[in-house]
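Participant: Before I ask anything, let me first share the structure, which is written out below as structure tokens.
The values are calculated or read from the model by the stated rules, or taken from the named source; none is laboratory data. Quantities reported herein were computed from a predicted structural model and do not represent experimental measurements. Because the Cβ atoms are built from the backbone with ideal geometry, glycine has one as well, and the counts that use them run over all protein chains shown. Accessible surface areas use protein heavy atoms only, side chains included; no ligands, DNA or RNA. Shrake-Rupley method; radii C 1.70, N 1.55, O 1.52, S 1.80 Å.
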Amino acid sequence: MIRKIVEIYGDSIMKGVLLDAITKRYSSKKDLLDPIEERFPLELKNRSKFGCTIEKGQKMLDNALEQGLSCDTILLEYGGNDCDFHWDQVAKNPDEEHLPHTPLDRFESICRSMIRKLRARGIEPIVMSLPPIDAEKYFAWFTRSGISKENILRWLGDIQLIYRHQELYSLSATK
């Protein structure tokens, strides 16, 4: 049986990084992809990085392509870190404009560029959408250190904007 080689470029989701509910610390689930390799004729190479944005991912991919990357398919999983904000800065200056780590138009442009490069090399790109985010839980998580919840809510206007903003990046990835 011929095994297809699939490389994965993404952030902590594809890396298998999970938050331990008891210790409140991150840990990596190293065997995340083993069941997939056992069930399907795939050889998976996970190049995902904790905290990675699409800009960092593009540099990693470009470097791999320059070094003669050889695979059948590449799975791209980005957007979760890209759509996030510097919440400490939002809390300090809620009346100022704040941009996400990667503005949506830049995210889309880089994603399209990565897809074109892969197709030009005969590599099949697969782009993942993002899992939905629970706005209230995420808000509680990033404000746990004591940054001003009130100021962040003043800037957001509505806590559900966190969900809707992340959804824009997910929809962009599926487009």
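Participant: Out of the range 90-115, which residues are open to solvent by 100 Å² or more (accessible area, probe 1.4 Å) and either in a helix (DSSP H, G or I) or polar (S, T, N, Q) (or both)?
Facilitator: 92, 105, 106, 112
Participant: Restricting attention to the range 116-140, which residues are assigned to a loop (DSSP other than H, G, I, E, B) and either open to solvent by less than 90 Å² (accessible area, probe 1.4 Å) or polar (S, T, N, Q) (or both)?
Facilitator: 122, 123, 128, 129, 130, 131, 133, 134
Participant: Any chance the range 52-59 includes a residue that's at pLDDT 90 or above and touching a helix residue (DSSP H, G or I) at 6+ places or on another chain (Cβ under 6 Å)?
Facilitator: Looking for residues that are at pLDDT 90 or above and touching a helix residue (DSSP H, G or I) at 6+ places or on another chain (Cβ under 6 Å), one finds at least one in the range 52-59, hence yes.
Participant: Here is a check on your reading of the model: is residue 144 in a loop (DSSP other than H, G, I, E, B) and open to solvent by 70 Å² or more (accessible area, probe 1.4 Å)?
Facilitator: Yes; evaluated as a whole, the condition is true for this residue.
Participant: Also, I was wondering about something else. Residue 170 versus (1) of a type in the set (Ser, Thr, Tyr); (2) without any contact (Cβ under 8 Å) to a residue 60 or more places away in the chain; (3) not in a loop (DSSP other than H, G, I, E, B): which is the lone unmet condition?
Facilitator: That leaves (2) as the condition not met.
Participant: Let me ask something else. State the number of residues belonging to the range 43-55 that are under 13 Å from residue 15 (Cβ atoms) and either in contact (Cβ under 8 Å) with a residue 60 or more places away in the chain or open to solvent by 60 Å² or more (accessible area, probe 1.4 Å) (or both).
Facilitator: Looking only at that region, the number is 4.
Participant: Continuing with this model, one more query. Kindly list the number of the only condition in (1) hydrophobic (A, V, I, L, M, F, W, C); (2) touching a Ser or Thr at 6+ places or on another chain (Cβ under 9 Å); (3) modelled with pLDDT of 95 or more that fails for residue 130.
Facilitator: Only one criterion is unmet by residue 130, namely (3).
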